[in-house]
Structure formats: C-alpha cells, structure tokens
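Undergrad: One structure is given below, represented as structure tokens, and several questions about it will come after.
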Amino acid sequence: MERKTERIRMYTRFERFWHWAQAVLVILLLATGLETHGLYGILGYEKATEWHNALGIGWMVLYVFILFWLATTGEWKQYVPTTKRLMAMARYYAFGIFRGEESPVAKSREAKLNPLQRLTYVAISLVLIPFQIATGLMYYTYSTWSARGWDLSLGEVAGLHTAGAYAFLAFLVVHVYMTTTGHRVLSHIKAMITGWEDVPVRK
C-alpha cells in the first residue's frame, strides 16, 4: 500500500541552481583531473589542464556565493550537526530502508536534512571543499613556491589533491544512489529540478 504524501515547496530557485551547477563542476573537474593523470585521452594533457584550472576557479567563485547565500538566508541552520536520532538513521540506512520501513526522521521545509546528511554535508562543505581548493591553489601556484620560501613536494601536494578527488567521487556515487531512495525512484531528483517534493504524511 502506497503511503499518503503531501507536496511542499522544498527548494528555492538559487538552491537548485547551485546544486546542479556544483554537480556539473565536480563531474567535469573529476573528468579533466583524471585525464591529466593519464587515465585516458580525450582533450589531451594541455587542454585538460586548462579546463581543470578554469573549472576550479569557477567552483571557487560558486562556493563563495553558496556560503554567502547560506549566511544571509539563514539556511545554514539546516546543516547544524545533531546527534538526535543519529543512530536511528544509521540503522534505517543499514537495514530499515531495505525492509520498506519509514524513515525515523521526517523531512520538512524547516528540516530538509537528517542527522547523517547534516554530518556528511558539513564535512564536505567545511573540510573537503576547502581542502580541495587549498591543494588545488597550491598546485596551481607551484612556480611561486620558491619565492614564498615553501619547501614542499609537488608530488605530495598532487597526491593529496587526487585523494580528495577520489573522496568526491565516492560521495558522488553514494549521493546518486541516495537520490533513488525516495517514496519513488525519481522523487528526489524531480524535487531538485522543480523545487516541489512529495513527502510522506506522518500520522
């Protein structure tokens, strides 16, 4: 028996824009970055490097706008970590979701993210993204290291940047899978396109 749902306006226009823009940038950065490592050849090393640098700068600019939007709209509150029902969500993702159980945390306009999602997105937004930007900028400004007195290994910085890229790839795979776990397979994706989402009605 299908659960009763109600339609609510979940995501704003800018929220949807930055979500899809960031998704495209991350995918293209992964593609061009992996090509510079010689995993395949489509653009060629020089073109792939040029595109990777330009995309990286574009992502950095978008990231600043996202932070500004979160700070000025109060949406940053959606990402405040909480341990309330954290283990219940972990159990749900590990077992309950495969048994057709209802999520222990209701989704609403005021609380779009469950405790596990909050922890994940905070870690990505405040740790992984700044880490990628920092190592990317360091790699990009390699020719200035001597003048700055930096005694660093280019290989180590490149290795750290690549490790961060693979972390993003892992997140991307899990994130795409999680989009299929709504009350219907394409529910979450449609919501991020239209802004409207059908959420289960709680008794």
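Undergrad: Only four residue types carry charge here, +1 at the Cβ of Lys and Arg and -1 at the Cβ of Asp and Glu. Report the dipole size of the chain about the Cα centre in Debye, rounded to the nearest 20.
TA: Here the chain has a charge dipole of around 1180 debye.
Undergrad: Between (1) 57; (2) 64; (3) 53, which matches percent of Cα pairs over 20 Å apart calculated for the structure shown?
TA: Here percent of Cα pairs over 20 Å apart agrees with entry (2).
Undergrad: Still on this structure, please answer the following. Leaving out ligands, DNA and RNA, what percent of the accessible area of segment 92-197 is carbon and sulfur, probe 1.4 Å?
TA: Heavy-atom surface of segment 92-197 belonging to carbon and sulfur, 1.4 Å probe: 67 percent.
Undergrad: Can you compute the helix-only [θ] at 222 nm over the chain? Use -39500 (n - 2.57) per DSSP H run of at least 4 residues, normalise by all residues, nearest 500 deg cm²/dmol.
TA: Only helices count here, giving -19500 deg cm²/dmol.
Undergrad: Also: Quick one: how many Å² of residue 138 are accessible to a 1.4 Å probe, rounded to 10?
TA: Number for this one is 50 Å².
Undergrad: Is there a quick way to get the dipole size of segment 27-93? I mean about its Cα centre, with the Cβ of Lys and Arg at +1 and of Asp and Glu at -1; what is the value in debye to the nearest 20?
TA: Result for segment 27-93 is approximately 580 debye, rounded to the nearest 20.
Undergrad: Still on this structure, please answer the following. If you count only protein heavy atoms with a 1.4 Å probe, what accessible area per residue comes out for segment 1-127, rounded to a whole Å²?
TA: Value for segment 1-127: 64 Å² per residue.
Undergrad: Between 182, 96, 155, find the one with the highest GNM mean-square fluctuation for the chain; connect C-alpha pairs within less than 10 Å.
TA: 155
Undergrad: Taking the Cα centre of segment 55-150 as the origin and placing charges on Cβ (Lys, Arg +1; Asp, Glu -1), which of 119, 67, 94 is farthest toward the positive end of the dipole?
TA: Going by the charge dipole, the pick is 94.
Undergrad: Please sort by residue number the GluC sites (Glu not before Pro) in segment 57-125 whose DSSP state is loop and whose Cβ has at most 11 other Cβ atoms within 10 Å.
TA: Filter output for segment 57-125: 101, 110.
Undergrad: Also: Please report how many Lys pairs in the chain have alpha carbons closer than 23 angstrom, counting only residues at least 8 apart along the chain or sitting on separate chains.
TA: So the count works out to 13.
Undergrad: Right, something else. Counting other C-beta atoms within 10 Å, and keeping those with at most 16, which DSSP coil trypsin sites (Lys or Arg not before Pro) do you find in segment 55-85?
TA: In loop regions of segment 55-85 (DSSP not H, G, I, E or B), the sparsely surrounded trypsin sites (Lys or Arg not before Pro) are 84, 85.
The values are calculated or read from the model by the stated rules, or taken from the named source; none is laboratory data. In this text the structure is predicted, and so the values were computed from the model without any measurement. Positions of Cβ are backbone-derived with ideal geometry, glycine not excepted, and every protein chain shown enters the neighbour counts. Note: accessible area is taken over every heavy atom of the protein model, side chains too, but ligands, DNA and RNA are not part of it. Shrake-Rupley method; radii C 1.70, N 1.55, O 1.52, S 1.80 Å.
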